[in-house]
Amino acid sequence: MGKEKKPRILIIYTGGTIGMIENPDTRSLQPFDFTHLIDNVPKIKKLDYFIDNIQFNPPIDSSDMSPQHWVDIARHIDNNYDRFDGFVVLHGTDTMAYTASALSFMLENLHKPVIITGSQLPIGEVRTDGEENLITALQIAAATDINGNPMVREVAILFENYLWRGNRSTKMSADNFNAFKSNNYPSLAKIGLGIHFNEEALWRTKSIRPLKVQYGLDNAVIVLDLTPGITEQVLRYQLATPGIKGIVLKTYGAGNAPTAQWFTQAIKDAVDNGMVILNVTQCVNGGVHPMMYMSGNQLASTGVISGHDITSEAAITKMMYLFGLGLSTDEVKRYLNCSLCGEVTI
Ligand code: ASP
């Protein structure tokens, strides 16, 4: 029998708690060199994989993540796509769901696993969750189905006991080890004694086209979060933010907003002036149902598009991606109303 080919995995270390140590002087956490990460997880050597790594220099706290960093991560994947079976991105938890969502749109025709993970406690700490997350992420990135094809062919977040679709995930807890959740989509895998994939939930595409990375992201997009007491002046000021092409409007419940005439008129004026406004619920679970209440209905009549059950992380990055493609306003609206890579239930 021929010798089995070793899985080839590329780790892209961007920073975050997983690679942090305590500064003895200030006692605050700061990033350290990736070499220490491997030193801290000797178990990695027990996996019979070929593992290489690339690290951000310097590693960053994910609060500093920007579209340019997403481009950098995507470029590393693009440049190494044919040489590796899977990719593990080590990332801070704070903006992990944004990065996962952005990459899911940028990496068109992805047929290999891109598993993003991090940890709540630094990998050097005795009770760290980082070691387990890293090892499991590597195993998922190497997993194949009965035909030898990658089990995961999408961008996913592995955290503690679950694998979630990246563009469906949200950071739910600043304290718990199970920090992520996809509130409107089932887990892609449950991690227990073994890794149990939910094959029906995994993204599968019939397309056999090669990977195409879209590097152009347009960050002319903002989030406008509604709160009771918002005034016409504040609303109109935000809707007229210079250079903005798209707004993720975070509404109440099933997509509801104030019914006052000044509110509807201000939104309508913005839409008529070419602003793309996507209605996304503030609730963590469920979605926008514009016809359920008069207030939602009235908002829909202004030309605001329903975001259905999309997360705000996916909504904002999808808009950046669509505007980055140079599409017309109507085309952007059309694609917002479709699922491109499993980010929304239409
Ligand atoms: N502030 C850190 C970050 O997101 C927190 C973490 O890694 O969990 O980079």
*Which ones in region 236-268 are in contact with a Leu (Cβ under 9 Å, 6 or more places away or on another chain), outside any loop (DSSP other than H, G, I, E, B) and not hydrophobic (A, V, I, L, M, F, W, C)?*
GLN238, GLY246, LYS250, THR251, TYR252, ASN256, THR264
*In this structure, does MET96 turn out to be aliphatic (A, V, I, L, M) and within 12 Å of the ligand (Cβ to nearest atom)?*
yes
_I'd like to know if region 63-76 contains one or more residues that are out of contact with any His (no Cβ under 6 Å at 6 or more places or on another chain), modelled with pLDDT under 90, within 16 Å of the ligand (Cβ to nearest atom) and not in a helix (DSSP H, G or I)._
no
*Across region 330-340, what is the total count of residues that are assigned to a helix (DSSP H, G or I) and surrounded by fewer than 15 Cβ atoms within 10 Å (Cβ to Cβ)?*
3
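Can GLN120 be described as touching a Leu at 6+ places or on another chain (Cβ under 8 Å), touching a residue at least 12 places away in the same chain (Cβ under 8 Å) and not acidic (Asp, Glu)?
So GLN120 fails the test.
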*Where a residue in region 161-178 is in contact (Cβ under 8 Å) with a residue 60 or more places away in the chain and its partner, wherever it lies, is among the β-branched types (Val, Ile, Thr) and part of a loop (DSSP other than H, G, I, E, B), with Cβ under 6 Å and at least six apart*: THR170/THR311; LYS171/THR93
_Looking only at strands (runs of 3 or more DSSP E) that lie completely in region 130-223, which have at least 3 residues being more than 30 Å from TYR237 (Cβ to Cβ), under 17 Å from the mean Cα position of the chain (by Cα) and not hydroxyl-bearing (Ser, Thr, Tyr)?_
155-159, 162-165
*Quick one: is TYR321 at pLDDT 95 or above and either over 25 Å from LEU103 (Cβ atoms) or buried (at least 19 other Cβ atoms within 10 Å of the Cβ) (or both)?*
yes
*Output the residues belonging to region 103-143 that are farther than 23 Å from TYR49 by Cβ and either within 16 Å of the ligand (Cβ to nearest atom) or surrounded by fewer than 24 Cβ atoms within 10 Å (Cβ to Cβ) (or both).*
GLU108, ASN109, GLN120, LEU121, PRO122, GLU125, VAL126, ARG127
_In region 269-304, residue farthest from CYS338 (Cα to Cα) [restricted to those that are among the polar types (S, T, N, Q) and assigned to a helix (DSSP H, G or I)]_ = SER295
_Show the residue pairs meeting these rules: Cβ distance below 8 Å; 6+ apart or different chains; first residue within region 262-284 and free of Cβ contacts under 8 Å to residues at least 60 places away in the same chain; second residue aromatic (Phe, Trp, Tyr)._
THR281/TYR252; GLN282/TYR252
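The values are calculated or read from the model by the stated rules, or taken from the named source; none is laboratory data. Predicted model only: the values in this text are computed from it and were never measured. Every residue, glycine among them, receives a Cβ derived from its backbone with ideal geometry; neighbour counts consider all protein chains shown.
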